[in-house]
Every structure is written in structure tokens, then in C-alpha cells.
1. In whole Hz, what ³J(HN,Hα) sequence does the range 334-350 give by Karplus (6.51, -1.76, 1.60; θ = phi - 60°), x for Gly and Pro?
2. Could you calculate the FRET efficiency of GLN217 with ASP340 from 1/(1 + (r/R0)^6), where r is the beta carbon distance between them and R0 is 56 Å, rounded to 0.05?
3. For the peptides 207-216, 96-105, what is the packing order when you average, over each peptide's residues, the other Cβ atoms within 10 Å and list the highest mean first?
4. Going down the table (LYS297/LYS424; LYS66/LYS112; LYS58/LYS342; LYS159/LYS269; LYS269/LYS308; LYS137/LYS415), which pairs top 30 Å between alpha carbons?
5. Sorting GLU89, GLU407 on the 10 Å Cβ count, fewest up front, what's the list?
6. So what J values fall out for the range 399-415 if you push phi through Karplus, 6.51 cos²θ - 1.76 cosθ + 1.60 with θ = phi - 60°, rounded to Hz, Gly and Pro as x?
7. Taking the number of other C-beta atoms within 10 Å as the exposure measure, put VAL257, VAL373, VAL381, VAL37 in order starting with the fewest.
8. Could you give the longest part of the chain that holds none of the chymotrypsin sites (Phe, Trp or Tyr not before Pro) found in DSSP loops with at most 15 neighbouring Cβ atoms within 10 Å?
Amino acid sequence: MTQEPLFTRRADIFARLAGNQNYDIAIVGGGATGLGVALDAAARGFSVVLVEAHDFAKGTSSRSTKLVHGGVRYLAQGNLALVREALVERTTLLNNAPHIAQPLAFVMPSYKWWETPFYGVGLKMYDALAGKARLGKTEFLNREEVLGLLPSAQPDGLKGGVKYWDGQFNDAKLALALARTAATYGALLINYCNATELRYEKGKVAGLVCEDTLTGQQYKINARCVVNAAGVWVDELREKDGASVPGGEIKPTKPMVAPSQGVHLVVDKSFLGSDVALMVPKTGDGRVLFAVPWLGKIILGTTDTQRKDLELEPLALKEEVEFILNESARYLRRAPMRSDVKSVWVGLRPLVKAPADDGENTQKLSREHTVIVSRTGMVTVTGGKWTTYRSMAEDVLDMCAENSLIENRNKGVTKHLALLGANKTGITLRSLSLPPGLHSYGDEQSLVTSLNGANAVICEGLTVAMVRFAARYEYAITVEDVLARRSRLLFLDARLASDVAAKVGQILVEENNIDPKISQFLELAERYLHLPV
Ligand SMILES: Cc1cc2nc3c(=O)[nH]c(=O)nc-3n(C[C@H](O)[C@H](O)[C@H](O)COP(=O)(O)OP(=O)(O)OC[C@H]3O[C@@H](n4cnc5c(N)ncnc54)[C@H](O)[C@@H]3O)c2cc1C
């Protein structure tokens, strides 16, 4: 393995694909799940190719609430094994990517006398379950202590509260760190490359056909094992696979995913005025609501609304926006208004339905995620959460080995595998609550500053050199790739992102000479500003 950053020039990537079409594992989907599998498999010495139809983390994986967490709500359901596993993975992630995943203190204010002891005991149990993976001590707070930590909390009726610890992260940056680290182990990762068909030999899946969505050029890939990690879209490939069964009556493939959408609103930091997050354990609809300080702004969210369609860019519903604003107003001294919202973004949860009754081998393991192997040998994984991407990847590779698709090899190599940028020596780590900047690059900062335009500031937290870095080493092609997922400006301030789009596009053309799709980005940014009436 080399620690030198690898160039991500598109022409070189496709030349490599054309030169070698034989892989141990071919992965469909470049979100948390697929990228986690790619890194685990590549670090174990397997040859790996991953195709992503859009950009890495364009799907759900850039739209999370940005929490690295054990799942307090699973505690309430008594699913202790699940919480314990996620708490261990929480610490693994914070250790392996400290520049983009860090501990965060949360305060849960109480407005009823019973809330502090009731939730406090639960959160003490959360601590106990974490054991050595504990990030800090859960503390009972009186009214003054709550207001000391969260001066913006609604003081009327405040009785006290509980402080506890979890983590936060930069989800899309983590996705890119996984992709780039997997590449250093020899994996070939390709964005804007759609898996259009599966390929079969003697009734078994033996690879796929993919298409460069920028040129229309098609490529064949042969693989011993095909992993469908397409998030909420896994059923599209499963349907194609189901229809492939030769002879006999074909039962329609039963969908695995029941999508549910979650909305986030971003407002100015002053609404919270603290580096500590606010957690509301039970909103009017029985959910958990967070106000999280993130990259210089506050994320308010989220909702849980069932959907039937699978839009790539889902829009928030009026009721969801109103719900978040109304609930926030109950707990914050100054209520955020619609006009305060700087960006609104929506993610689709890949919630897994009851296991399909169509002959598939299902591994449920009382987890949030499910791994299935079809009759033809295609492995599908979906569900779960970002926090547990690494243990999900291990489950997938276990399942591949159990089904003799690949051999069982070196499990656990990613447990202590630092991701690119994670070397702490000689760099100062800065909180993810602070506005973005050079520090987000961890130990790659000097590489960024060595590029042309290091002092040419486009806007706060974004320089010309950072755009060049994104184009050269982070697979960025379009303005959206840079402003949504390398920098997170679209998620933080969609208006400002629009304002700088042309400048970013101009640098991308200089670097890649590929259309950076400026006008499409401007339309997208309007959607991130759109609050339904
Ligand atoms: C609102 C919300 C909040 C959340 N908050 C948290 C949180 O705070 N902490 C946490 O740990 N988890 C959180 N999660 C969960 C977490 O974000 C998801 O579990 C995770 O991102 C799912 O990743 P994925 O790779 O399975 O799916 P995705 O990220 O959607 O990736 C699937 C990819 O497959 C690609 N694809 C589809 N079809 C094809 C094809 N034919 N060819 C090639 N590519 C294809 C898509 O373009 C997509 O990029 C949250 C989820 C939501 C919705």
C-alpha cells in the first residue's frame, strides 16, 4: 500500500477497466455500504471494482444527520446487542478518521420532572454498554448547568437535563476517504458509471455490464462475486436478477426496501450558540429531534415519512418543514423561521421489509441491515446505518465466503486501518462544529496548500487549490461534486453555493476539460432553498 495520493483522472480509470475486466468482487453502489465493502475486500487482498451510477455518496450517504451513534432509540426497544455493536463501531470510526469523525456532547433538556431520572438512567446504561468504547461520562444537570452549556435552550419551564456523548462526522467526506483509501489497496472505483445488466454463466451471476454515463461507452466486468449495495435502489437489480432464472415459473421478486424520508433544515449557528448538540428524546410524533452544530451551522432534524417513489433528489413536504420548525421553537429561546433556513435536504432511509419468501438465503442477525444471496449468487446488502458500515462490510464478506463465492480471508483488517488524511502526527485537529477549512483535510493539508491557488479564496472554507485537489485526487467531475460532497457548501448555504458555482466550474474545466454542469447545479441549489408552502 502506498500513502501517496492517487490521481483520479477519468481517462486513466476507464483505461484500467478496459485493460482488466476480471475481478474477485464487483460492487454496485458507491455509498457507505458499497464503499465499506470495497475497502474491506481490497484490504484483505481481493481484486475489487466498484461502480457508482452518480457520484460517490450522492444517494443517502451524504444526507444523514451526521451522527456516529449507538442508537439511543434501540436502547428503549431493549435491543442491547445492536446498541453495543454500534457503540464499538462508533469508537473504531472516530479512531480511524479523527479529522472527519469526532466525539460530540449532547444535552437533553427536561421540561417535566420525571424526564431527567427516566432518560438519565437509560443514558447511564448507554455508557455502561459502551464499556471501554465510552466517549465521556453521562451527567445529570440542573437547570443552570443546562443553560450554561446550551444558553439558547428555552428557559421557560426548564427543570434540568442530561449530558451524554456520541459522535459526529462529515458523511460525504468519509465516503470519499473510504473510496480513496480502497484505491490505495488497488481497488478500482468509478463514479458516473451505471450497472445496467448482470451477466450469467451456467445460471450463476458472473459479472455485470456497466456504462460510463458521461460518454455512453459500455464495459463488461467478470467477477466471482457481485455485491448489490445500491441503497434504496437495491430492488432494481434484484428484479433483473429474479427475471434471469432460466426455466420454470418466475415468481416476481418481492421488494426488500420500504423507503422512508428524513428532512434536515440548516440554520445559522446563533440559533444554538453552542458547540454542544441539543437532543429532544420524544417529539410530538414520538421521534428523536436533534439540533447539531456542524461545520459552522446548525442542522435541525429529522423526520420519518414513508414514501413509495425513489427520487434521487426528494423534496421536503410542507408538514415536515413545519414539524421541524415548530418542534425547534418549543426547545430554543429564539425560534427559527422559514426565512432563516439556508439549506433543506432530504435523505431516503433504506428500511428493510420482512425477509422475502422467494427462496433467498437471508441473514437477519437481529440487525438493522440485511444481507441476502439470491439463487444466482448475487449478494444484496441494504439497511443499517453509516456508523456500522464497517461491520456491515464484514457481514457481507462473511456471506460471500459462506456461499463459496470467495474464500474467507483476513477478517478484521479494517478495525485499525487509518483512512487517508487520518494521521494525527503534526496536525491540529479542529472540531467539526467549526466552519470548514484546511483542517478538514487532516494530514493532507500540505498537499492542498502545495497546489496552485492555495491563497485564492472562493468563499469561506473553499480555495481554488481545494477545487483542484477535488478534481485531481477526489474524483470530482461536476460543480455539484465539489460543492455538495467535497466542500459541503450546498448543504450549509445553498444561496452561497449558487453564487460561487461559475468560479468552481471554471477551475474544473481547467483541470478535467469535462463539462462541469453549472446550470444543472444552479437548478439543484434552488431545490435546496425551496420550502414548500
Ligand atoms: C434522514 C437520514 C438520517 C440519517 N442519519 C444517520 C446518522 O446520523 N448516523 C448514521 O449512522 N446513519 C444515519 N442514516 C443512515 C445512513 O445514512 C444510511 O444507512 C447509509 O447512508 C446508506 O448507505 P448505502 O450505501 O446503503 O446507500 P446510498 O448512500 O444511497 O448508496 C447507494 C448508491 O448506489 C447507487 N446506485 C444505485 N443503483 C445503481 C446502479 N444500477 N449502478 C451503480 N450505482 C447504483 C446510488 O447512486 C447510490 O449512490 C440516516 C439516513 C437518513 C435517510
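1. 10, 6, x, 9, 4, 5, 8, 6, 9, 6, 10, 9, 10, x, 9, 7, x
2. Values: r = 46 Å, r/R0 = 0.82.
Using R0 = 56 Å, I get an efficiency of 0.75.
3. 96-105, 207-216
4. Values: LYS297/LYS424 25 Å; LYS66/LYS112 28 Å; LYS58/LYS342 20 Å; LYS159/LYS269 25 Å; LYS269/LYS308 34 Å; LYS137/LYS415 24 Å.
Correct reply: LYS269/LYS308.
5. So the residues, fewest neighbours to most, are GLU407, GLU89.
6. With coefficients 6.51, -1.76 and 1.60, one gets 5, 4, 5, 4, 9, 6, 7, 9, 8, 7, 8, 6, 4, x, 5, 8, 4 Hz.
7. Lowest count first: VAL373, VAL257, VAL381, VAL37.
8. Values: sites that count: PHE7, TRP113, TRP114.
My reading of the result: 115-533 is the longest stretch.
Taken together, the values in this text are just the output of simple stated rules run on the coordinates, not laboratory data. Since the structure is predicted, the reported quantities are computational estimates derived from the model, not experimental observations. Cβ: placed from backbone, ideal geometry, glycine included. Neighbour counts: every protein chain shown.
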